[in-house]
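J.: Quick one: structure below, then a few questions.
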Amino acid sequence: MEAATVAIIIASSTPLVFAALGETLTEKSGVVNLSLDGSMLLSAMTGFASAYLSGSVEIGLCVAMFTSATVASVVAFAGIKLRLNQIAVGLVLTYFATKASALFGGDFVRKPGPSIQKMSIPGLEEIPFVGEAVFQQNPLVYLSIVLGFVLFVFMFKTRRGLDLHAIGDRPEAAFSRGINVNLQRYVYTILGGALVGLGGAAFSLDAKMGWSDGHIANYGWIALAIVIFGGWHPLRAMFGCYLFGLIQVSALELQPVLPDLAQVLPIAPFPLMIVALVFINLRVVHSVTDRLGSIGSLIRGRAPSGLGESFWPD
Amino acid sequence: MSLQLRSITKTFGPIVANDSLSLTIESGEIHGLLGENGAGKSTLAKVLSGFVSPDSGTVELDDEQLKLSSPSAAVSSGIGILHQEPLVFLDFSAVDNMLVGSPRDGNHTKDLAEEHLLKICEQFNFSIDPLIPVQKLSVGERQQLEIARLLWLGARVLILDEPTTAISGSQRENLFQTIRSLAEAGMSVIFVSHKLEEIQEICSRVTVLRQGRIMGTKHLPCPTSDLIDLMFDRELEPQGRKSSDSLGSICLELCGQKVTTHFESGKVDMTFRTGEIVGLAGLEGAGQRDLLRSIAGLDDTVTEGVFFRSRDIGDDSYIHRMQYGFHYLPADRGREGLVDGLTITEHVALASPQRSIATDWKLSREESKKIIDKFSIKGTPESVPASLSGGNQQRLLLGLIPDNPTVLLMEHPTRGLDIESAAWVWKYLMSLTEEGTTILFSSSDFDELMTYCDRIFVFFEGAIIQELASVEATTERLGSLLGGVK
Ligand SMILES: Nc1ncnc2c1ncn2[C@@H]1O[C@H](COP(=O)(O)OP(=O)(O)OP(=O)(O)O)[C@@H](O)[C@H]1O
Ligand SMILES: [Mg+2]
């Protein structure tokens, strides 16, 4: 494969990376933000619109993050404070945000607007292959990669990360240890939402510049699937995103050569994901991964035990 | 140092769980809290550990009034609680588990946690690898881990709520040893239990609760009958199983060759008679549960051939076997037995064999009232499991057994029940056997096994190593068999 192709894969997967990482963070805390597809779409729209009106990409990014964080805060409030079913609230919000994006985005359809500029990294960009593949991208791409590692370190190497696992796994035990479970759940849901917004903006300001109805092509749902495929592990989720990108780009490249295969490829990720999950959960495979320590737990992945359940101390 | 409780009152709606309780607990003392099911022991423990805030009353430690507004506030005031099922994080390593919720200062780093854990392990003879996932620890070891954690956070008062229910005999010994050393080092220990022998064995004083009130405090040892008088306002009848000559025909046969990792004995070959009571003894996880679940049809790990009244039911699922009158009662009533958030009436409706489209709520309510009455459950048809005391949850489960079961498979049928309730339950179970029910149950209580069984199977590491007629069984014999010594 050529370095240029790898560069395209990385660039085109970036929105997905932000969304999947954001949702991983949220779900780790025990909250499901199912509104991903809607809020990503809405933030893609607001991000583009505000960048278009202000002429500033930075403002676009901020507005997009704010939009998605707002939707997430509704999920958090309904799920935590009102103790509503998070799945139901998420679905309703998806629908609402999708409609809202179409309603308010009408004026911005297919307008040329500002976009994020490339920024090669001096020194690194000259490395053969890797330089072209990774280090001649735009800042958002770098940010997404750094973010994956930052989240990994945060979740697995810090005390706060430990608390995050605790509130997602066994909130009543975390509460008994003096952790403010619900406050932290708010924070992670809103933070995760902001990252999803960044994912939306990464679409409209970079990967697929501009705005149109249904602009993000259901990538929100794909991100949700990748969170599961990623076993709630940031690095594995990132890997899942790039794998998805690889398949999509291959389909494009193969179009002239093997048109039949190229048609099938775009839907291949979904059965593949299921097969992979089934495989990982086979008893035989478990007995191997059980012995592999932290790499084993990376492969196994595991949903937070308290996912989707609201917690309220008596 | 002393812990002083002053007129603690806690009500749940109309129920007065703690009625103006006042009590002083000295340092270095192991103080028992004894009482029948629903007496209010756990409630008091929860008040002291900050899980439940009392309606009124105060707690003082060293003449200083404590604010026990939350569990962590209680811990930082020096009061820690060990729950029956320790509130630990299964997916964490032992040392990470200790870190969660510890103060973020220089004295509570990961390295220091590990150091402390190893020190405690050495001091009390635990063997917990700091990096082992908590999941891999037994319940007893999880308790040890919790004790280590509470000590690390500076607990001076340790509350244990029925700590021995789910652990093996040797772990219990180890726990008692630990508690004694802690008390010797000046800690106050509050030991909640309804088991008289345990209280006699370990406590220096005991306070007896009945219906939320203190009936008296006694120095130990004292005659057990005194404690029973304080616990119950009723006389206890002597119990025992009458001769087993009257057993009926063969009702259940097992044969099979299935060898699995769960159950290592290659061959299973057993018969059970109508009206027979068979006990399964063994350490936790020695295979009793696998056998029970396999007979129930929930697992096919142990036996392929199951014949019920000479009919091959090996391929039938639990649902099918239920139609033959099989019934299985799991040990973990919270997770497998009862449904969180459903009322007693709803449980009754759920368990009813009728499968009409519309639920007859009136009938279910009537039925649940009957069960509440018959099994003297302290609750109403609208109570949910979380509002029932441990013993009352077990009574409810027994009440949900359909009429005229043919084969009753139970794990720890009287775990968590006070002696009077346990005796009552067995009276009920024995009346079932007279009607033709065959009972298989696992238990870690030797007295229970020896008193009620016709036969006892002893399990060791996944195999049955001995079959005993009840007359052959003695505590010593069972004890050594449990350890694998024939
Ligand atoms: N959260 C709650 N809501 C309503 N009632 C409750 C609640 N917790 C306890 N109770 C009631 O308070 C009474 C005392 O319960 P508690 O759990 O303290 O009993 P216990 O002495 O620990 O009994 P056991 O030996 O069965 O565990 C019971 O009647 C119980 O039904
Ligand atoms: Mg209790």
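J.: Based only on other Cβ atoms within 10 Å, what is the fewest-to-most ordering of B:Cys121, B:Cys251?
T.: The order, fewest Cβ neighbours first, is B:Cys121, B:Cys251.
J.: Say each of B:Ser376 and A:Trp312 gets a label point 7 Å from the Cα, pointing the same way as Cα to Cβ; how far apart are those two points in nm?
T.: 3.5 nm
J.: Alpha carbons only, please: Rg and Dmax for segment B:2-231, in angstrom.
T.: 17.3, 53
J.: Given 10 Å bins starting at zero, what is the percent of C-alpha pairs of segment B:297-418 in each, up to the one with the largest pair distance?
T.: Going out from 0 Å in 10 Å bins, segment B:297-418 shows 12, 40, 33, 14, 1 percent.
J.: Let me ask something else about it. Long-range amide H contacts for B:Phe326: which residues qualify at under 5 Å (H placed 1.01 Å from N, peptide plane, sequence gap of 5 or more or a different chain)?
T.: Sorted by chain and number, the residues that satisfy this are B:Thr406, B:Val407.
J.: Can you pick out the pairs among B:Lys46/B:Lys195; B:Lys10/B:Lys218; B:Lys110/B:Lys136; A:Lys157/B:Lys119; B:Lys195/B:Lys378 whose Cα atoms lie more than 27 Å from each other?
T.: none
J.: Still on this model: Roughly how big is segment B:2-231's charge dipole about its Cα centre, with Cβ charges of +1 (Lys, Arg) and -1 (Asp, Glu), in debye to the nearest 20?
T.: 440 debye
J.: Further question: Lysines within cross-link reach of A:Lys118: Cα-Cα under 20 Å, excluding same-chain residues under 8 positions apart?
T.: By straight Cα distance, A:Lys118 reaches A:Lys208.
J.: For segment A:175-314, with equal point scatterers placed on the C-alpha atoms only and solvent neglected, what are the log10 I(q)/I(0) values from the Debye formula at q = 0.13, 0.14, 0.16 1/Å, to two decimals?
T.: Treating every Cα as an identical point scatterer, log10 I(q)/I(0) equals -0.79, -0.89, -1.07.
J.: Of A:Ala173, A:Ala72, A:Ala97, which has the largest mean-square fluctuation in a 10 Å C-alpha GNM of chain A?
T.: Sorting by GNM fluctuation, first place goes to A:Ala173.
J.: Largest first and to the nearest Å, give the Cα extent of segment A:94-173 along each principal axis.
T.: Result, largest extent first: 53, 46, 16 Å.
J.: Putting +1 on Lys and Arg Cβ atoms and -1 on Asp and Glu Cβ atoms, find which of A:Leu265, A:Ile216, A:Ser297 reaches farthest to the positive end of the dipole of segment A:199-311.
T.: Of the candidates, A:Ser297 comes out farthest on the positive side.
J.: Suppose every Lys and Arg Cβ carries +1 and every Asp and Glu Cβ carries -1, with no other charges. What dipole size does chain B come out with about its Cα centre, to the nearest 20 debye?
T.: That gives a dipole near 780 debye.
J.: I've got another one for you. If I take the Cα coordinates of segment B:250-482 and project them onto the principal axes, what are the three extents in Å, biggest first?
T.: So the three principal-axis extents are 50, 38, 32 Å.
J.: How about B:Lys362: which aspartates and glutamates have a C-alpha closer than 20 Å to its C-alpha, ignoring those fewer than 8 places off in the same chain?
T.: Qualifying aspartates and glutamates at Cα under 20 Å: B:Glu346, B:Asp373, B:Glu382, B:Asp403.
J.: Please list 3J(HN,Hα) in residue order for segment B:322-336, calculated via the Karplus relation 6.51 cos²θ - 1.76 cosθ + 1.60 where θ = phi - 60°; whole Hz, with x for glycine and proline.
T.: Taking θ as phi minus 60°, the curve returns 4, 5, 7, x, 6, 8, 10, 10, x, 6, 8, 5, x, 9, 9 Hz for segment B:322-336.
J.: Let me ask another. Give the long-range amide H neighbours of A:Val32: residues separated by 5 or more places, or on another chain, with amide H under 5 Å away, using H modelled in the peptide plane at 1.01 Å from N.
T.: Amide H neighbours of A:Val32: A:Gly308.
J.: Hey, any idea what the orientation-averaged projected area of the convex hull of the protein assembly as shown's Cα atoms comes to, in nm²?
T.: 40.4 nm²
J.: Follow-up question, since we're still on this one. Looking at segment B:2-231, send over the antiparallel percent of its DSSP beta bridges, to the nearest 5.
T.: 55 percent
J.: Pull up all non-local amide H partners of B:Leu209: gap of 5 or more, or a different chain, and H-to-H distance under 5 Å with H placed in the peptide plane.
T.: B:Leu34, B:Gly35, B:Met215
J.: How large is the Rg to Rh ratio of segment B:389-486 when both quantities use alpha carbon positions and Rh follows Kirkwood?
T.: Radius of gyration over Kirkwood radius for segment B:389-486 works out to 0.98.
J.: Give the calculated FRET efficiency between A:Leu124 and B:Tyr318 to the nearest 0.05, with a Förster radius of 60 Å applied to their Cβ-Cβ distance.
T.: 0.45
J.: Could you work out which residue, out of A:Ser39, A:Ser297, A:Ser68, moves most in a Gaussian network model of chain A, that is, has the largest mean-square fluctuation with Cα springs under 10 Å?
T.: Checking each option, the largest mean-square fluctuation is seen for A:Ser297.
J.: Net charge near A:Ile226: determine it from the other residues with C-beta under 15 Å of the C-beta of A:Ile226, scoring Lys and Arg +1 and Asp and Glu -1.
T.: Result for the neighbourhood of A:Ile226: -1.
J.: While we're on this one: For A:Leu103, B:Leu481, B:Leu118, what's the fewest-to-most ordering of other Cβ within 10 Å of each Cβ?
T.: In order of increasing Cβ crowding within 10 Å: A:Leu103, B:Leu118, B:Leu481.
J.: Along the charge dipole of segment B:303-454, pointing to its positive end and built from +1/-1 on Cβ of Lys, Arg, Asp and Glu, which listed residue (B:Ile371, B:Gly436, B:Thr406) has its Cα farthest out?
T.: Ranked along the dipole, the leading option is B:Ile371.
J.: Next up: Ignore the peptide's own chain and count Cβ atoms of other chains within 10 Å of each Cβ in A:166-176; give me the average, rounded.
T.: Taking all residues of A:166-176 together, the mean is 5.
J.: Just name one of B:Pro14, B:Ile79, B:Ser188: the one whose Cα is farthest towards the positive end of the charge dipole of segment B:2-231 (beta-carbon charges, Lys/Arg +1, Asp/Glu -1).
T.: B:Pro14
J.: Over the Cα atoms of chain B, what Rg and Dmax result, in angstrom?
T.: Answer for chain B, Rg first and Dmax second: 23.5, 71 Å.
J.: Suppose only helical runs count, i.e. DSSP H with n ≥ 4. What mean residue ellipticity at 222 nm does that imply for the protein assembly as shown under -39500 (n - 2.57) per run, divided by all residues and rounded to the nearest 500 deg cm²/dmol?
T.: Helix-only estimate at 222 nm: -14500 deg cm²/dmol.
J.: What is the ratio of the Cα radius of gyration of segment A:3-299 to 2.2 N^0.38 Å, where N is its residue count, to two decimals?
T.: The value comes to 1.01.
J.: Report relative contact order for segment B:250-482 in percent, whole number only (criteria: Cα-Cα under 8 Å, sequence separation at least 6).
T.: 28 percent.
J.: Another question about this same structure. Please compute, for peptide B:96-103, the average count of beta-carbon atoms on other protein chains lying within 10 Å of each residue's beta-carbon.
T.: 5
J.: Let me ask something else. In whole Hz and in residue order, list the ³J(HN,Hα) couplings for segment B:209-217 that follow from phi through the Karplus curve 6.51 cos²θ - 1.76 cosθ + 1.60, θ = phi - 60°; x for Gly and Pro.
T.: 9, 9, 6, x, 10, 7, 8, x, 10
J.: Can you compute the equivalent ellipsoid semi-axes for segment B:406-460, i.e. the square root of 5 times each eigenvalue of the Cα gyration tensor, sorted largest first and rounded to whole Å?
T.: Calculated on Cα positions only, the semi-axes equal 16, 16, 10 Å.
J.: Quick check for me: using +1 on Lys/Arg Cβ and -1 on Asp/Glu Cβ, what's the dipole size of the protein assembly as shown about its Cα centre, in debye to the nearest 20?
T.: With only Lys, Arg, Asp and Glu charged at Cβ, the dipole is about 1560 debye.
J.: Determine, from the Cβ-Cβ distance of B:Glu173 and A:Ala88 and an R0 of 35 Å, the FRET efficiency 1/(1 + (r/R0)^6), rounded to the nearest 0.05.
T.: With a Förster radius of 35 Å, E is 0.10.
J.: At a 10 Å Cβ-Cβ cut-off, how would you order B:His108, B:His412, fewest neighbours first?
T.: B:His108, B:His412
J.: May I pose another question? Out of A:Pro269, A:Pro171, A:Pro234, any idea which swings most in a Gaussian network model of chain A, alpha carbons joined below 10 Å?
T.: Its mean-square fluctuation being the largest, the pick is A:Pro269.
Rule-based calculations on the coordinates, nothing more; no lab input. Just so it is clear, the model here is predicted, and its values are computed rather than measured. So basically every Cβ, Gly included, is an ideal-geometry build from the backbone, and we count neighbours across all protein chains shown.
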